[in-house]
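Trainee: One structure follows; several queries about it will come next.
The values are calculated or read from the model by the stated rules, or taken from the named source; none is laboratory data. This structure is a prediction, so every number in the text was calculated from the model and none was measured. Cβ coordinates were reconstructed from backbone atoms using ideal geometry, including for glycine residues, and neighbour counts include every protein chain displayed.
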Amino acid sequence: MKIATLNINSVNARINNICAWLNQNNPDIMLLQEIKTEFNNFPFFDFQMQGYQAKILGQKSYNGVAVLSKHQLKVTAENLPDFTDTNARYLECCVTIGKAEYTVASLYLPNGNPPTNNPTDTAKFEYKLKWMDYLLARAEYLLHNHKNVILGGDFNVILTPQDVFNPQMFEGDALFRPEVKNRLQYLLNSGWTDTYRTLYPDNTGYTFWDYTAGSFKNDLGLRIDYILSSPALTDRLKSCTVDRDFRTWEKSSDHTVLTAEFED
């Protein structure tokens, strides 16, 4: 089973890119974040032409998540259960591949930094922490009630100094604050596996480079996209790769694709 995740940064603006990538790489499942569109404007037909059905939780101009699958697909949760949220950031689906069932979730965690015109405003950071707390509760439920589970997407968390080109520059940033890192580490300690870091403990593994001049060329990146696997899937992990080449394509997202493959 092959699964990929990408913060697409507007699915309609980059539909040609993502369809070309799907055609070349043929994952079973693709998780998308920041689709930035509502249901009626989502390019379902384009993905059908590539052999994928899609389930989405859309939002006009902002946020939005989707799950694409070559296999039978049904939604099991829209937004985190018991958490009232006006933003579209979590979509969970059950995918049946042969005789096996997989629970997969596409996640787009809040950034958490204050507005540039009001740097003392903590509302967005408090929202991020609350969102993560509900994610932890859902992750615990999934771990205890399902066997094959993937949590994938843009976590907006820099877990360690190894995961950012300049740790000192990000001190105090909402992506790198202790409260955020501690929550993600708690998730990993509870039984989830960071598939990329498990296979490549010494690589940077950056998945995001800002659009500002020279960021990608000079590898000024962040590792903020993750594919987390439940223990049963971790035992079957074959590979996890960052597709740096995709970031060089014309009209690319500021993120690139992260792909994990598991033995059937």
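Trainee: Taking the condition of being without any contact (Cβ under 8 Å) to a residue 60 or more places away in the chain and either over 13 Å from residue 151 (Cβ atoms) or out of contact with any helix residue (DSSP H, G or I) (no Cβ under 7 Å at 6 or more places or on another chain) (or both), how many residues in region 184-202 meet it? It would help to see each step written out before you state the result.
Mentor: So the first thing to find is which residues in region 184-202 are without any contact (Cβ under 8 Å) to a residue 60 or more places away in the chain, and the list is 184-194, 197-202.
Now restrict to residues that are either over 13 Å from residue 151 (Cβ atoms) or out of contact with any helix residue (DSSP H, G or I) (no Cβ under 7 Å at 6 or more places or on another chain) (or both): 184-186, 188-189, 197-202.
Counting residues in region 184-202 that are without any contact (Cβ under 8 Å) to a residue 60 or more places away in the chain and either over 13 Å from residue 151 (Cβ atoms) or out of contact with any helix residue (DSSP H, G or I) (no Cβ under 7 Å at 6 or more places or on another chain) (or both) gives 11.
Trainee: Where in region 3-108 are there strands (runs of 3 or more DSSP E), lying fully within it, with 2 or more residues that are in contact with a Cys (Cβ under 7 Å, 6 or more places away or on another chain) and touching a residue at least 24 places away in the same chain (Cβ under 8 Å)?
Mentor: Output list reads 100-108.
Trainee: Taking region 1-47 on its own, how many of its residues are surrounded by fewer than 18 Cβ atoms within 10 Å (Cβ to Cβ), under 18 Å from residue 251 (Cβ atoms) and of a type in the set (A, V, I, L, M, F, W, C)?
Mentor: Result for region 1-47: 4.
Trainee: Can you tell me which residues in region 210-233 are in contact with an Asp or Glu (Cβ under 9 Å, 6 or more places away or on another chain), surrounded by 14 or more Cβ atoms within 10 Å (Cβ to Cβ), in contact (Cβ under 8 Å) with a residue 12 or more places away in the chain and in a loop (DSSP other than H, G, I, E, B)? Walk me through how you get there before you give the answer.
Mentor: Within region 210-233, the subset in contact with an Asp or Glu (Cβ under 9 Å, 6 or more places away or on another chain) is 210-211, 215-216, 220-229.
Okay, now just the ones that are also surrounded by 14 or more Cβ atoms within 10 Å (Cβ to Cβ), so 215-216, 220-229.
Keeping just the survivors that are in contact (Cβ under 8 Å) with a residue 12 or more places away in the chain gives 216, 220-229.
Of everything in region 210-233, those that are in contact with an Asp or Glu (Cβ under 9 Å, 6 or more places away or on another chain), surrounded by 14 or more Cβ atoms within 10 Å (Cβ to Cβ), in contact (Cβ under 8 Å) with a residue 12 or more places away in the chain and in a loop (DSSP other than H, G, I, E, B) turn out to be 216, 220, 223, 224.
Trainee: Here's another thing I want to ask about it. Can you tell me which residue among 81, 110 is surrounded by fewer than 16 Cβ atoms within 10 Å (Cβ to Cβ), farther than 17 Å from residue 147 by Cβ, within 19 Å of the chain's Cα centre (by Cα) and not aliphatic (A, V, I, L, M)?
Mentor: Values: 110 fails: surrounded by fewer than 16 Cβ atoms within 10 Å (Cβ to Cβ).
Going through 81, 110 in turn, just one is surrounded by fewer than 16 Cβ atoms within 10 Å (Cβ to Cβ), farther than 17 Å from residue 147 by Cβ, within 19 Å of the chain's Cα centre (by Cα) and not aliphatic (A, V, I, L, M): 81.
Trainee: Further question on the same structure: With part of a helix (DSSP H, G or I), surrounded by fewer than 17 Cβ atoms within 10 Å (Cβ to Cβ) and modelled with pLDDT of 95 or more as the only criterion, which of 136, 184, 142 stands out?
Mentor: That would be 136, the only listed residue that is part of a helix (DSSP H, G or I), surrounded by fewer than 17 Cβ atoms within 10 Å (Cβ to Cβ) and modelled with pLDDT of 95 or more.
Trainee: For region 39-57, which positions are closer than 25 Å to residue 103 by Cβ and among the charged types (D, E, K, R)?
Mentor: Scanning region 39-57 gives a single hit, 55.
Trainee: Quick one: count up the residues across region 34-55 that are within 17 Å of residue 87 (Cα to Cα) and of a type in the set (A, V, I, L, M).
Mentor: Of the residues in that region, 1 qualify.
Trainee: Can you pull out every residue in region 197-209 that is over 13 Å from the mean Cα position of the chain (by Cα), crowded, with 16+ Cβ neighbours inside 10 Å and among the aromatic types (Phe, Trp, Tyr)?
Mentor: The first filter runs over region 197-209 and keeps only residues over 13 Å from the mean Cα position of the chain (by Cα), leaving 197-206, 209.
Going one step further and asking which of them are crowded, with 16+ Cβ neighbours inside 10 Å, we end up with 197, 199, 205-206, 209.
Answer for region 197-209, where residues must be over 13 Å from the mean Cα position of the chain (by Cα), crowded, with 16+ Cβ neighbours inside 10 Å and among the aromatic types (Phe, Trp, Tyr): 206, 209.
Trainee: Then there's this: So in region 192-218, with the set limited to residues that are small (Gly, Ala, Ser) and over 30 Å from residue 138 (Cβ atoms), which one is modelled with the highest pLDDT? Don't jump to the end; show me each part of the working.
Mentor: Pass one, region 192-218, residues small (Gly, Ala, Ser): 205, 213-215.
From the residues that got through so far, the ones that are over 30 Å from residue 138 (Cβ atoms) too are 213-215.
Numbers: 213: 82, 214: 93, 215: 97.
Restricting to residues being small (Gly, Ala, Ser) and over 30 Å from residue 138 (Cβ atoms), the top hit is 215.
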